[in-house]
Amino acid sequence: MSDIRIKICGLGSETDIEAVSRAGAAYAGFVFFPKSPRNLTIPRARELALLTPPGVAKVALVVNANDALLDEITGAVPLDMLQLHGSESPERVQEIRARYGLPVMKAVGVGSAEDLPALERYGRVADQLLVDAKPPKGADLPGGNGLAFDWRLITGRRWPVPWMLAGGLTPDNVALAVQMTGARQVDVSSGVESAPGVKDAGKIAAFAEALRAR
Ligand SMILES: O=C(O)c1ccccc1N[C@@H]1O[C@H](COP(=O)(O)O)[C@@H](O)[C@H]1O
């Protein structure tokens, strides 16, 4: 197993859960965002979460979710973390942490140096940060687009809470991404798929192996 903690996001089947478990991933991500090809119904997410082995943290990814949706998700699906991937304010992050009693990871899109101060702000209120590529203007999805950002922007940067690197990671580039950024945790979705929303067990294994072998 690698010393880097892996999150595989956008799981949709029993086979995906098995692949994540075999790869030794630390986190399994379930998407609740209707525009995403990885979107799950709440009952389906519950089934998959119940199959997820202990030791793999179950993360619900939401985008600007209101309390009604979060109540429904957290009431039905056994979870270890909430991932906020929209434009939630720092105040909203604090509110969600307090209301649900779950650790909150806030995603921040990085496209240029101007985006970096947001990481400092959210680092004061979230339990973890997810440093992701900024989506292209007009994109349907605020993440999960398979696009990387210029990793040199965060070389040597550190924040007061644990953080994950995301955005366009693949089995071919993840070792370099870790080397350039110093990330100790990585998150991947598109880069381990054979088509949008379809996870590929071979690519999941290759992703983990690329980190082990570096
Ligand atoms: O995966 C999705 O469909 C998604 C939808 C809405 C917001 C975020 C989403 N995914 C997250 O985006 C990053 C990067 O994904 P990729 O590897 O570039 O495809 C990752 O954190 C996913 O959790």
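FYI, it's all coordinate maths here, none of it is from the lab. Small disclaimer: the values here were computed from a predicted structure and weren't measured. Here the Cβ positions follow ideal geometry from the backbone for every residue, glycine too, while neighbour counts run over all protein chains shown.
Data overview
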| item | result |
| --- | --- |
| Spatially near lysine pairs across the chain, Cα under 15 Å, sequence gap of 8 or more or different chains | 5 |
| Student exercise, the range 5-212 dipole from Lys, Arg, Asp, Glu Cβ charges, in Debye to nearest 20 | 380 |
| Nitroxide proxy distance, nm - points 7 Å out along Cα→Cβ at Ile42 and Arg184 | 3.6 |
| Label zone at Arg158, where the point sits 7 Å out along the Cα-to-Cβ direction: the range 170-214 residues whose backbone N lies under 19 Å | 178-186 |
| Amide H within-cut-off set for Leu61, under 5 Å, with H built and near neighbours excluded | Phe30, Val31, Phe32, Gln83 |
| Near-label residues of the range 116-146 by backbone N, under 19 Å of a point 7 Å along Cα→Cβ of Arg99 | 125-128 |
| Vicinal HN-Hα couplings computed from phi for the range 140-149 (Karplus, 6.51 cos²θ - 1.76 cosθ + 1.60; Hz; Gly/Pro x) | 6, 10, x, x, x, 9, x, 10, 9, 10 |
| Label-point separation in nm, Asp67 to Glu14, each point 7 Å along Cα→Cβ | 3.9 |
| Positive-end extreme of charge dipole, the chain - chosen from Gln128, Pro37, Ala113 (charges on Cβ) | Ala113 |
| Gap separating the Cα centres of the range 153-214 and the range 101-136, nearest whole Å | 17 |
| Ser112-Lys35 pseudo-label distance in nm [points 7 Å out on the Cα-to-Cβ vector] | 2.2 |
| Charge dipole (debye, nearest 20) of the range 60-178; +1 at Cβ of Lys and Arg, -1 at Cβ of Asp and Glu | 380 |
| Under-5 Å amide H pairs with Gly111, H placed in peptide plane, nonlocal only | Lys134 |
| Integer Hz, Karplus 6.51/-1.76/1.60 couplings in order for the range 195-202, x for Gly and Pro | 7, x, x, 10, 6, 10, 4, x |
| Neighbour-count ranking [beta-carbon atoms within 10 angstrom, fewest first] of Tyr122, Tyr100, Tyr27 | Tyr100, Tyr27, Tyr122 |
| FRET E, pair Arg121, Asp150, Förster distance 22 Å, beta-carbon r, rounded to 0.05 | 0.55 |
| Fully extended contour minus Cα-Cα distance, from Asp140 to Ala205, at 0.36 nm per residue | 20.5 nm |
